[in-house]
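A.B. asks: The structure under discussion is supplied below as structure tokens; questions concerning it will follow.
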Amino acid sequence: MVTPFPSAEPESSDAPKRILLVEDEPAISGFVRRGLIFEGYDVTVVTDGRDALEAIRDHPPDVLILDLMLPNLDGINVTKRIRAAENTDADERLPILMLTARDSVADRVAGLNAGADDYLVKPFDFEELVARVRALLRRTRQPAAVQANEILQFADITLDLTSRTLTRGEEEIELTPREFDLLALFLRHPNQVLTRSTLMQRVWGEDFYGESNVLEVVIGNLRRALEISDHPRVIQTVRGVGYVLRQRA
Ligand code: CA
């Protein structure tokens, strides 16, 4: 057991937060582990994907830090399996921070699509990693608070918050949980410009930190999903400000 530091986190409960770090490069896992322990976290390290799934099942962590390239089962597949096993009611979602190699945009998109909440590109500063972990731990659960039998509509888009299904016209469209929450937020505020920080706060948590372009990636994915079969774009960019759900004239 690790004794928590009586410092920066006055709102945290008594027990140290548990972090499972899945990383096969000893140099990285060593420095991350030492740093996180110093910050007061309870850290377990495993070095491959299968061991990660076992560790999560045996002793669920509060946050998972998951390297993408791993022996046996890679980070994408680990994420997919975790999400597939979770209740979609989202309250029980394990926050996942994925570690990806530099210059691999495709990997980042794949990671987010598989259900990771955020990613960090190697090499990274430890301070940034800690900030992301804190943000994931503090994030508001289910920010786009879902009420029973609620259906949101805009133009030919229908989002059923109970069954968590999206249809556009006659087509049913699949979304990741993040894309779904983001679209729900837009549908609650049609024709209203939502700033980047509002979107980040509402969908990722109150004090989401850093220069991550995770929002842009998820907006891009959401647009692609909504624009299948040449449906017109409804999420418009407001340069330098944010985005708005609006039909083009
Ligand atoms: Ca690796």
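What follows is calculated from the coordinates using simple rules that are stated; it is not laboratory data. Predicted, not measured: the structure shown is a model, and the values here were computed from it. Glycine also receives a Cβ, built like all others from the backbone with ideal geometry; neighbour counts cover every protein chain displayed.
A.B. asks: Specify the residue that is nearest to the ligand (Cβ to nearest atom); the eligible residues are those in segment 78-88 that are of a type outside the set (Lys, Arg) and in contact (Cβ under 8 Å) with a residue 12 or more places away in the chain.
C.D. replies: Kept after step one, since they are of a type outside the set (Lys, Arg), are these residues of segment 78-88: 78-79, 82, 84-88.
Of the ones still in play, those that are also in contact (Cβ under 8 Å) with a residue 12 or more places away in the chain are 78-79, 82, 88.
On the way: VAL78: 12, THR79: 14, ILE82: 18, THR88: 29 Å.
Among those residues, the one meeting the criterion is VAL78.
A.B. asks: Further question: Can you give me the number of residues within segment 33-67 that are of a type in the set (Val, Ile, Thr) and farther than 19 Å from ASP118 by Cβ? Don't jump to the end; show me each part of the working.
C.D. replies: Filtering segment 33-67 for residues of a type in the set (Val, Ile, Thr) gives 37, 43-47, 56, 63, 65.
Next, from what is left, pick out any that are farther than 19 Å from ASP118 by Cβ: 37, 44-47.
Result for segment 33-67: 5.
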